[in-house]
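Trainee: Below are the structure tokens for one structure; questions will follow.
Bear in mind that the values in this text are calculations on the coordinates, not laboratory data. If you're wondering where the values come from, they're calculated on a predicted model, not measured in any experiment. Every residue, glycine among them, receives a Cβ derived from its backbone with ideal geometry; neighbour counts consider all protein chains shown.
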Amino acid sequence: MELSAREYTVLAAAAGFCSVAGVGYLIQREYRRWRVLSAHMAQYYADFSLSPSQLMDLRNDFIEEARKGLRGEKSTCLMAPTMVDILPDGDEVGEYFALDIGGTNFRVIHVTLSMDKGEVVHVEMEDNAIPEEYFTCHGDMLFDLLASALVDFAKRHGRHSDDRPLPIGFCFSFPCTHTAIGEAVMVKLTKKFENEGMVGQDPAKGLQRALDRQKGNFKVAALINDSVGTLAGGCYVDADTKIGVILGTGTNACYAEQRSNIAALAKGRKNGREQQHPLMAINTEWGNFAAPSSPFTDIDRELDEETPNAGSHRFEKMVSGMYLGELARRAILRLAEQAQLFGPEVPPQLREPWALTSAALSKIDEDGSWLLSTTARELSETLGLPAALCTHTTCLRVKQVCHLVARRSAAVVAACLAGLLQQIDRDGAHTPMAPTTIAVDGGLFEHYQAYRAYLREYLDQMLGKQVSSLVKIVQIRDASSMGAAYLAAAIDEETQ
């Protein structure tokens with residue numbers, strides 16, 4: 001049956017109308033999607049960006065929590081006296097050892113310190129994996145493992161002493177209550193460790209007994225954690241160092257406080273030597289800091305509730321390298337679910353917890369390519385997203401989310417650093433500003449150049465350019481290990 005010319009005209013008009021209507025529908029749908037996506041992004045910018053007044057409120061709340069901790073009152077910041085009241089100054093000379101344990105590996109280190117101030121002649125370092133059975137064995141066996149490795153290491157490198165015990169610094173990054181510079185009581189085991197005979201005991205004495213069993217002529221001179229090691233490491237290379245910070249998988253800070261301000265220092269706790277110094281290193285344990293001004297979002301709460309230590313260490317969960325990638329993933333997932341960031345379907349890989357690492361986040365944030373090709377590659381490699389889903393618009397939104405999460409981390413760290421600087425009168429408010437150095441260790445700070453710039457930017461903003469120009473933020477690599485050795489040297493020289 002043939003159609004008439006009039007019928008052809010009607011059909012053509014109808015087809016044209018449907019085509020126009022279809023295009024109109026698609027445009028309308030994309031416009032609605034764009035509006036929803038823009039609204040979500042606007043909320044993210046509001047939630048993750050901190051105004052100058054918010055930063056000041058956070059700084060003030062941190063100072064209040066810190067001072068409560070120093071007074072021995074209930075506080076989210078432990079402010080634990082480390083009993084370390086002598087720090088290296090770069091004049092230490094000689095050969096010293098250190099042991100560093102805190103995760104799935106332990107490190108043995110030997111340093112030779114030069115007569116030139118702050119110079120290291122030689123470093124020998126050896127990392128050892130902890131065999132699986134040592135995570136559940138008796139504590140004595142674990143200490144025997146450490147002692148045996150140290151004694152063997154010293155023998156292989158021709159380092160031994162027949163006359164006097166060689167001082168060693170012991171970096172033991174587990175919760176302890178310190179009673180002297182080389183004495184402590186272990187509070188609890190963390191990470192994978194489930195060893196009997198350790199909680200309630202002195203880890204320094206445990207290591208010393210193991211060294212004696214190995215016939216090693218060593219003496220445990222100092223027991224510290226990684227934040228104290230960072231402070232000590234900074235002091236050795238720069239006498240103006242007043243604060244040590246860990247910015248890696250976790251976060252913490254240690255600083256030199258006036259002994260007179262430490263009301264929490266219990267009677268009978270001593271530095272282990274006759275001489276008392278006016279300053280003592282304080283372990284803030286700021287990872288647990290919490291205050292009404294903390295910029296804790298719904299996404300933070302969601303993540304916190306799904307962690308084994310829900311309700312605690314919320315500051316660390318906003319800041320550290322362990323959590324930044326996961327925070328960004330959850331924020332991106334919301335955009336995918338509620339604003340169709342990747343289209344009608346949510347990529348299944350995006351639902352996998354911890355699929356987006358902080359290393360990937362840093363690469364995405366630092367992506368300066370015109371087409372955001374690095375972002376597209378990271379989405380493909382880490383989340384398995386097909387190239388068709390990694391459009392420029394999608395990559396731009398992902399990059400913005402990563403940027404916001406990272407900047408907030410740097411902002412809250414800067415606020416707390418400003419609080420510590422005020423606490424030690426290094427903010428120029430009451431006395432002329434003196435050169436001050438903040439030593440930092442950790443992969444987040446070391447490998448993430450943009451993060452370092454954000455931290456500097458926020459500190460400049462809070463202190464003012466004139467004061468901030470006198471505050472250096474320096475990276476100290478292997479700080480916990482090197483700092484333990486430097487501290488052993490400082491104690492050894494004072495007691496000779």
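Trainee: If you place +1 on the Cβ of every Lys and Arg and -1 on the Cβ of every Asp and Glu, how big does the dipole about the Cα centre of the chain come out, in debye to the nearest 20?
Mentor: 1120 debye
Trainee: Once you list every other residue whose beta carbon is under 13 Å from the beta carbon of E126, what net charge do they have if Lys and Arg are +1 and Asp and Glu are -1?
Mentor: -1
Trainee: Just need the relative contact order of the chain here, percent rounded to a whole number, with Cα pairs under 8 Å and 6+ apart.
Mentor: 21 percent
Trainee: How much of the DSSP beta bridge set in the chain is antiparallel, as a percent to the nearest 5?
Mentor: Close to 60 percent.
Trainee: With a/c under 1.5 counting as rounded, go ahead and sort the stretch 357-420 into rounded, prolate or oblate using the C-alpha gyration tensor (a ≥ b ≥ c being the square roots of the eigenvalues; past the cut-off, prolate if a/b is larger than b/c, else oblate).
Mentor: Because a/c hits 1.5 or more and a/b exceeds b/c, the stretch 357-420 counts as prolate.
Trainee: Order the peptides 197-205, 119-127 from the highest to the lowest mean number of other Cβ atoms within 10 Å of their residues.
Mentor: Listed from highest to lowest mean packing, they are 197-205, 119-127.
Trainee: Using the Karplus equation 6.51 cos²θ - 1.76 cosθ + 1.60 (θ = phi - 60°), what ³J(HN,Hα) coupling, rounded to whole Hz, does each residue of the stretch 42-52 give in order, writing x for Gly and Pro?
Mentor: 4, 5, 4, 4, 5, 6, 9, 9, 10, 6, x
Trainee: With θ taken as phi - 60° and the coefficients 6.51, -1.76 and 1.60, list the Karplus ³J(HN,Hα) couplings across the stretch 391-397 in order, rounded to whole Hz; mark glycine and proline as x.
Mentor: 6, 4, 4, 4, 4, 4, 5
Trainee: Which order do peptides 459-466, 180-187 fall in by mean Cβ count within 10 Å, highest first?
Mentor: 180-187, 459-466
Trainee: Which of the lysines could be linked to K465 by a straight reach, that is with a Cα gap under 20 Å, when you skip same-chain ones fewer than 8 residues away?
Mentor: K242
Trainee: Using θ = phi - 60° and the Karplus curve 6.51 cos²θ - 1.76 cosθ + 1.60, what whole-Hz ³J(HN,Hα) does each residue of the stretch 174-188 get, with Gly and Pro shown as x?
Mentor: With the stated coefficients, the stretch 174-188 comes to 10, x, 9, 9, 8, 10, 7, 5, x, 9, 6, 10, 6, 8, 7 Hz.
Trainee: If you don't mind, there's one more thing I want to ask. Quick one: grab Rg to one decimal and Dmax as a whole number for the stretch 257-399, Cα atoms only, in Å.
Mentor: Calculated on Cα positions, Rg and Dmax stand at 21.7, 72 Å.
Trainee: Can you give the local net charge around H313? Use residues other than it whose beta-carbon is closer than 15 angstrom to its beta-carbon, Lys and Arg +1, Asp and Glu -1.
Mentor: Overall, the nearby charge balance is -3.
Trainee: As I understand it, the value is the acute angle between the Cα axis of helix 479-495 and the longest principal axis of the Cα atoms of the chain; what does it come to in degrees, rounded to 10?
Mentor: Value to nearest ten degrees: 20.
Trainee: Something else about it: Place +1 on the Cβ of every Lys and Arg and -1 on the Cβ of every Asp and Glu in the chain, take the dipole about the Cα centre, and give the residue among L341, Y454, F174 whose Cα lies farthest towards its positive end.
Mentor: L341
Trainee: Counting pairs of alpha carbon atoms under 8 Å apart in space and at least six apart in sequence, what relative contact order in percent does the stretch 104-186 give?
Mentor: Across the stretch 104-186, relative contact order equals 18 percent.
Trainee: Something else now. Mind checking which of G483, L421, Y236 is farthest towards the positive end of the chain's charge dipole, using Cβ charges of +1 (Lys, Arg) and -1 (Asp, Glu) about the Cα centre?
Mentor: Highest projection toward the positive end goes to L421.
Trainee: Rounded, prolate or oblate: which one fits the stretch 355-496, using the alpha carbon gyration tensor with axes a ≥ b ≥ c (rounded when a/c is under 1.5, else prolate when a/b beats b/c, else oblate)?
Mentor: Judged from the Cα gyration tensor, the stretch 355-496 comes out oblate (a/c at least 1.5, b/c at or above a/b).
Trainee: In nm², what is the average projected area of the convex hull enclosing the Cα atoms of the stretch 167-302?
Mentor: 11.7 nm²
Trainee: Quick one: which of 235-242, 249-256, 42-49 comes out on top by average Cβ neighbours within 10 Å, and what's the full order, highest first?
Mentor: 249-256, 235-242, 42-49
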